[in-house]
Amino acid sequence: MRFELEHASVRYPRILALDNVSLSIASGERVALVGPSGAGKTTLLGLLHGGVRPSAGTVRVDDRVLGEMSMKDLRATRLAMGFVPQSFGLVPESRVLQNVAAGRVGTRNWFGTLRDFLAPSRDTVREIHETLERVGISEKLYERVDTLSGGQQQRVAVARALFQKPRSLLADEPISSVDPSRARATVGLLSDLAQERELTLLVSLHQYELARELFPRLIGLREGRVHFDSPSSKVSESMFRDLYELDVTSS
Amino acid sequence: MSAVSLALLVVWAWAYGGFRFTDLFQNQSRENATRFLREIRPFPLQDQPWDWTTWFRWMSETIGPNASEALGATLALSVAAVILAAMAALVVSVFAARNLAGPEPFAPSGKPPSQIARVLHRGLVGVTRLILLFARSIPEYVWAFLFITMLGVGAWPVVLALAVHNAGILGRLFSEVIENVEPSASRTLRVSGAGRGQLFVHAILPQSLNRWLLYFFYRWETCIREATVLGLLGFISLGWYIQDARAGVRYDEMVVYVGLGAILILLADLVSAVARRYLRSG
């Protein structure tokens, strides 16, 4: 799945969240989005899945402009993107099974939707079980989500995105709420899955080492602008530190 | 300022309303009260020494098959009415919730919605809310009068009266629950390609169900109370027996029926409290 931003800006009532950003991400690329809180990482991911509408500029997915799509086309496009938000976006009162099943809602008609929610078919359950196995929590299939720990919920969110059979995976700070060793495992898992299934991967995070090691390309954001966009081998630690410390020096 | 006007309102109400404390203790009132207190003593025991056997026989005759039937009718009426109300409310509340019924539920659509679409969606929500407001602003008692005029005396006018009024209340409350649902799950499903109905099934329904049921039980309680009262309009429920006993100056029986009504409401309170505690914890 290809993504392209062309002079995209996002203006919220009190802040310019993204300022004239142009970039393109080729199919199968693995990109880490880095930058301090408030730099616009979440907004940028939002532009790509259409959760945020650009105030100016265009967003293209597979060479088609998101803002010109019919609802039907947009839903089809969205179905092909797995999205793991920072808040996980799970339904706490539902079971893991139902939450993961909801990932494929874009392919279901009315009957299929009700069935997935009430009593998914044996094939669906088996497939969900396999997906959960891949992220390492298959034993939680019938647990209610609100009984799981933060780390487990995060893996449910990843499983839901995978169950979509997406062509791209967008994850917003997937490791902000887990300890360092778990963080490594989680991002590693996303990276492995992306390579295994040839997904375009976009992950926002703060960890220089991890970003450099697991992602061939880094995009540094600061105050809504692209600060650097280069192969990770060319991003030095000082460039990375600059990204986070500019605030102090500029003021 | 507002405290002063509030105080003035209180003074005015007491002065203008013409209720004087001395009226409470006039000779006439005192006589009536004394008579009433004498006559609520079971008839066979009036001017007699108290005797439990006689009392028990009188009690079972009074409650008898008729009153227990009325008790059952009151209960059945309230259940039927609240279920009808909840079903209607569930359907209608979806159109009264600004988030779900808005032009772009939880996440932008591709093309920005046209001005016409915005106006239509706002109109839909507004009209739905107006209908709910209308349904609940007319009291059950008045609805029952209207339905009796159309359908004649029977169970249906009372069921419909309770159902319509409560659908108005539950519809509003249900839609507020929908509007207060934590949006992140709905938003995530929306950007994964879910339609409105699918959002409802997968995200809104499980996140709202508990609170909907809380309101459901709360209104059921009220329905029992109201079903008793509406019997005064001629339908055979406890209220009818109360009315009948009063008309026949059988205050002793009247007190028993009032007591039965209170017990029924107390039981409903208990069931509802248990159910609600369970729902809160689950």
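The values are calculated or read from the model by the stated rules, or taken from the named source; none is laboratory data. All of these numbers come straight from a predicted model, not from anything done at the bench. With ideal geometry, Cβ positions are generated from the backbone for all residues, glycine too; neighbour counts draw on all protein chains shown. Heads up: the accessible areas ignore ligands, DNA and RNA and are worked out on the full protein's heavy atoms, side chains in. Shrake-Rupley method; radii C 1.70, N 1.55, O 1.52, S 1.80 Å.
Helix A:237-250 against the longest principal axis of chain A: what's the angle in degrees, Cα atoms only, rounded to the nearest 10?
That helix lies at roughly 70 degrees to the long axis.
How big is the dipole moment of chain A about its Cα centre under a simple scheme where the beta carbon of each Lys and Arg is +1, that of each Asp and Glu is -1, and everything else is neutral? Debye, nearest 20, please.
Roughly 660 debye, rounded to the nearest 20.
If you take the accessible area of A alone plus B alone and subtract the pair, what total do you get in square angstrom, rounded to 100, with a 1.4 Å probe?
2600 Å²
What number results when the radius of gyration of chain A, computed over Cα atoms, is divided by 2.2 N^0.38 Å?
It is 1.02.
For segment B:1-69 and segment A:105-147, write down the distance between their C-alpha centroids in whole Å.
That distance is 62 Å.
Quote the accessible area belonging to B:V181 in square angstrom, nearest 10, computed with a 1.4 Å probe and with ligands, DNA and RNA left uncounted.
Roughly 10 Å² of B:V181 is accessible to a 1.4 Å probe.
Where does helix A:180-197 land angle-wise versus the long Cα axis of chain A, in degrees 0 to 90, nearest 10?
Computed tilt is about 80 degrees.
Averaged over its residues, how many other protein chain Cβ atoms are within 10 Å of peptide B:197-209's Cβ atoms?
If you average over the peptide's residues, the count of other-chain Cβ atoms is 6.
Between A:K234 and A:D73, with labels modelled 7 Å along Cα→Cβ, what's the label distance in nm to one decimal, could you check?
About 3.4 nm separates the two model spin labels.
Pairs of Cα atoms under 8 Å, at least six residues apart: use those to get the relative contact order of segment A:114-223, whole percent.
21 percent
Against the globular-protein guess of 2.2 N^0.38 Å, express the Cα radius of gyration of chain B as a ratio, rounded to two decimals.
1.35
Three principal axis extents, largest first, for the C-alpha atoms of segment A:88-165, in Å?
32, 23, 18
Going by average Cβ density within 10 Å per residue, which order do the peptides B:190-196, A:6-12 take, highest to lowest?
B:190-196, A:6-12
Which whole-number percent is the relative contact order of segment A:88-165 (Cα, under 8 Å, 6+ apart)?
Result for segment A:88-165 is 50 percent.
Which of the listed residues, B:F21, B:G123, B:M1, is farthest toward the dipole's positive end in the protein assembly as shown, when Lys, Arg count +1 and Asp, Glu count -1 at the beta-carbon?
My answer, from the dipole projection, is B:G123.
Only helices at least 24 Å long along their own axis, judged from Cα atoms, and with Kyte-Doolittle mean hydropathy of 0.5 or greater: name those in chain B from DSSP H.
Span-like helices, by this rule, are B:52-96, B:115-137, B:155-179, B:251-281.
Rounded, prolate or oblate: pick one for segment A:140-200, where a ≥ b ≥ c are the square roots of the eigenvalues of its C-alpha gyration tensor, a/c under 1.5 means rounded, and failing that, prolate if a/b is larger than b/c, else oblate.
oblate
Residues of segment A:78-104 with backbone nitrogen within less than 18 Å of a virtual label 7 Å along the Cα-to-Cβ line of A:R115, please, listed as ranges.
Those under the cut-off are A:97-104.
Could you point to the residue in A:L118, B:S60, A:L221 farthest towards the positive end of the protein assembly as shown's charge dipole, with +1 and -1 charges on the Cβ of Lys/Arg and Asp/Glu respectively?
Looking along the dipole axis, the top candidate is A:L221.
Sorting check: for A:36-47, B:267-278, which peptide has the highest mean count of neighbouring beta carbons within 10 Å, and how do the rest follow?
Ranked by mean Cβ neighbours within 10 Å, highest first: A:36-47, B:267-278.
Counting only other residues whose beta carbon sits under 9 Å from that of A:L79, what net charge do I get with K and R as +1, D and E as -1?
After counting each charged neighbour, the total is +4.
Determine the dipole magnitude for segment A:88-165: charges of +1 sit on the beta-carbon of Lys and Arg, -1 on that of Asp and Glu, nothing else is charged, the reference point is the Cα centre, and the result goes in debye to the nearest 20.
Dipole magnitude for segment A:88-165 comes out near 200 debye.
Between segment B:134-173 and segment B:219-266, what's the alpha-carbon centroid distance in Å?
Using only Cα atoms to place each centre, the spacing works out to 18 Å.
Could you list, bin by bin from short to long, the percent of Cα-Cα pairs of the protein assembly as shown in 10 Å steps?
Here the calculated profile for the protein assembly as shown is 3, 14, 19, 18, 14, 10, 9, 7, 4, 1, 0.
With a 1.4 Å probe and every protein chain kept in, tell me what percent of the accessible surface of chain A is carbon plus sulfur.
Summing carbon and sulfur atoms, their accessible area is 49 percent of the total for chain A.
Could you check the simple spin-label distance between B:L45 and B:M150, using points 7 Å along Cα→Cβ, in nm with one decimal?
4.7 nm
Applying a 10 Å radius around every beta-carbon, put B:153-162, B:207-216 in order of their mean neighbour count, most first.
By packing density, highest mean first, the sequence is B:153-162, B:207-216.
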